[in-house]
Amino acid sequence: MMLSQLQELFQRIDKSKIFQSFVIAVIVISALTVGAHTYSLHPTAELALHWMDLGITVFFLVELVIRFIASRGFKDFFSKGWNIFDFIIVVGSLYPAAGSTLFIARLLRIFRVLRLVSMIPELRLLVNSLLKAIPQMGYIALLMFVIFYIYAAMGSMLFADINPVLWGDVSISMLTLFRIATFEDWTDVMYETMAVYELSWIFYLTFIFLTAFVFLNMMVGAILEVMSEEHRNAREEQTSDADMPATKGQIAQLQAEMAELKQLLKEKQ
């Protein structure tokens, strides 16, 4: 009974907007303390930051315990990916920051900023959309790699004699093509080959059209499709949650009416 009451209390705390806002504020402060360590500070300020960092670590640990107790057990807690994500980050931040381990400890504490993703629903939605879009993006990336490889082989065969630094072999040619795809001084590369092959501009324009316009838009389209689906699912969940109290109220009303009917039947008998 005591455990049940404690669980209900922690559930209310965990779902409280005030508590969630406070956790987000602590995450932001944690990010600022990590950035402050990169400056040359007075020893007093360094000591204050050390104790502040210790307090933040303890708070994150307490917050994780609250969330664990509020869940329906070990299996329910670790069945949610974001809980596992927070658990790894909080446990990683417990790494002692002293001596030779100072650099590793500070590096692990940097990742506490990522907890903003798990705390803010909109960010969770974005990350979930990106993760679910990875399979589609993987096929697009595979096709993009094939195009890169074909153009790299062609470029190496055509332009290796002009500039072996940029077109010496397939691997170097792929790096050059990546530079062209990102529009990093690609016209200088094109004009250099056009001095020998006047029609080499066709090579560059077709490659840019395929990579920068076609494949990039395909990537964006895949992500937007998954994001729209995630938004739709989120709206449906919110609608179902909003309708749930009304459904429970209707059930309670029906139960009360059935009890009244049973009472009337007993009185008539």
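Tabulated data
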| item | result |
| --- | --- |
| Wholly within the stretch 123-221, helices (runs of 4 or more DSSP H) carrying at least 1 residues that are outside the structural domain of His231 (by the TED database) and touching a His at 6+ places or on another chain (Cβ under 8 Å) | none |
| Subset of the stretch 21-43 [part of a helix (DSSP H, G or I), of a type outside the set (A, V, I, L, M, F, W, C) and surrounded by fewer than 16 Cβ atoms within 10 Å (Cβ to Cβ)] | Ser21, Gly35, Pro43 |
| Residue list for the stretch 174-213, restricted to those being open to solvent by 50 Å² or more (accessible area, probe 1.4 Å) and either basic (Lys, Arg) or under 27 Å from the mean Cα position of the chain (by Cα) (or both) | Phe178, Arg179, Thr182, Phe213 |
| Residue list for the stretch 149-161, restricted to those being open to solvent by 20 Å² or more (accessible area, probe 1.4 Å) and in contact (Cβ under 8 Å) with a residue 24 or more places away in the chain | Tyr149, Tyr151, Met154, Leu158 |
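The values are calculated or read from the model by the stated rules, or taken from the named source; none is laboratory data. Everything numeric here is computed off the predicted structure, so don't read it as measured data. So basically every Cβ, Gly included, is an ideal-geometry build from the backbone, and we count neighbours across all protein chains shown. The accessibility values were calculated without ligands, DNA or RNA, using every heavy atom of the protein model including side chains. Shrake-Rupley method; radii C 1.70, N 1.55, O 1.52, S 1.80 Å.
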